[in-house]
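The values are calculated or read from the model by the stated rules, or taken from the named source; none is laboratory data. Values in this document were obtained by computation on a predicted structure and should not be read as measured data. Neighbour counts are summed over all protein chains in view; Cβ atoms, including those assigned to glycine, are modelled from backbone coordinates with ideal geometry. These accessible areas exclude ligands, DNA and RNA; they are computed on the full protein's heavy atoms, side chains included. Shrake-Rupley method; radii C 1.70, N 1.55, O 1.52, S 1.80 Å.
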Amino acid sequence: MPDSVAKDTPAAPKPAAGDRTQGEFIATVRRAEAGDPAALAEVKKLFDRPGAADLLGGNVAAEALRLLVEQHAGKNHVVRAAVTHRVEALRAELSGASPSPLERLLVDRVVLTWLHLHHLESQYAGRESMSLPLAAHYQKCMSVAQKRYLAAIKGLADVRRLALPVLQVNIARKQVNVAGTVAAG
Amino acid sequence: MGWEQRGGQRYYYSAERVGGRVVKRYVGAGYVGELTAKYDAATRAERAADAEDDRQARDDLDDLTGALTPLHDLADALTAAALVAAGFHRHHRGPWRKRRA
């Protein structure tokens, strides 16, 4: 596992998740989405905890990254180092200066789905020959990976767009919309 | 497909599919039969190895896709949780909108 992943993502998701499983948490969120006030209160309570997203998502992101890098690089340490470096650069680029815990998790998802898609594409292109059923399976997996990659980007964009106030500035009759925090005063 | 005993002699037959039916073809006895039997056995082993490689490759692809599923589900759930907690809602998985006060 790359050091930075281990550093950014705490090992055990126990404090925020408490005795709830990930499936139970997802079910609670679905009920809150449907308008269940008790579930909504539970979700709000969870988000009062600092770093809830990190604690919940840390393990799964780190584990998925470890598996992806292992499969992509195999025993080649140079490829492993190069992939890890690229992943870190992409994470830093997407995270920005001060990402929230949720943004960090969503950035992780973008980076991992990007790596997954490119791993599949390079494997598929690198094979000299393959059977038709295996080629069909590759295509299916690449479709899933691409769909997830786009969904991950959209998720991050949604959170950034909706969570930040939009400041409208009119400069010489041209409207410029700036998404960002509004300085007090 | 294989060896058949006729009297005191063994004869090798191969099988192939013709027009959807399996047809048995006489190959020969003795050295020719032995050689063809070895060739068929090698071909079968090669096909089995290829099938095993394919199965392994498909399993690896599924493992990788499966490894990302928990992260994907959790990220979706946390995003929805954060937005619902901030007063947003969406209708039938449409765009997120701010709930009217």
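See the values below:
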quantity	calculated
Shielding by other protein chains, A:24-34, mean Cβ within 10 Å	4
Point-to-point label distance, A:Ala135-B:Gln5, nm (Cα→Cβ direction, 7 Å offset)	4.7
Protein accessible surface hidden between A and B, which excludes ligands and nucleic acids, total in Å², probe 1.4 Å	3400
Estimated Rh, the range B:1-52: Kirkwood, alpha-carbon pairs, angstrom	12.0
Solution diffusion estimate, µm²/s, Stokes-Einstein, the range A:70-153, Kirkwood Rh from C-alpha pairs, 10 °C, viscosity 1.306 mPa s	112
A:Met130 accessible area, assembled protein chains, probe 1.4 Å, Å²	60
Share of carbon and sulfur in the accessible heavy-atom surface of chain B [1.4 Å probe, %]	50
Shielding of A:107-120 by partner chains, average beta-carbon count, 10 Å	2
FRET efficiency, A:Ser98 to B:Asp59 (Cβ-Cβ, R0 41 Å, nearest 0.05)	0.50
Residues whose placed amide H lies under 5 Å from that of B:Phe88, excluding near-sequence neighbours	B:Arg99
Alpha carbon centroid spacing (whole Å) that separates the range A:64-79 from the range B:1-56	42
In range of the label at B:Glu16: residues from the range B:24-48 whose backbone nitrogen is under 11 Å from the point 7 Å along Cα→Cβ	B:24-26
Greater than 25 Å apart at Cα, pairs in A:Lys44/B:Lys98; A:Lys44/A:Lys154; A:Lys140/B:Lys98	A:Lys140/B:Lys98
For the range A:60-162: relative contact order, % (alpha-carbon pairs under 8 angstrom, 6 or more apart)	29
Estimated [θ] at 222 nm from DSSP helical runs (n ≥ 4, -39500 (n - 2.57)) normalised by residues in chain B, nearest 500	-21000 deg cm²/dmol
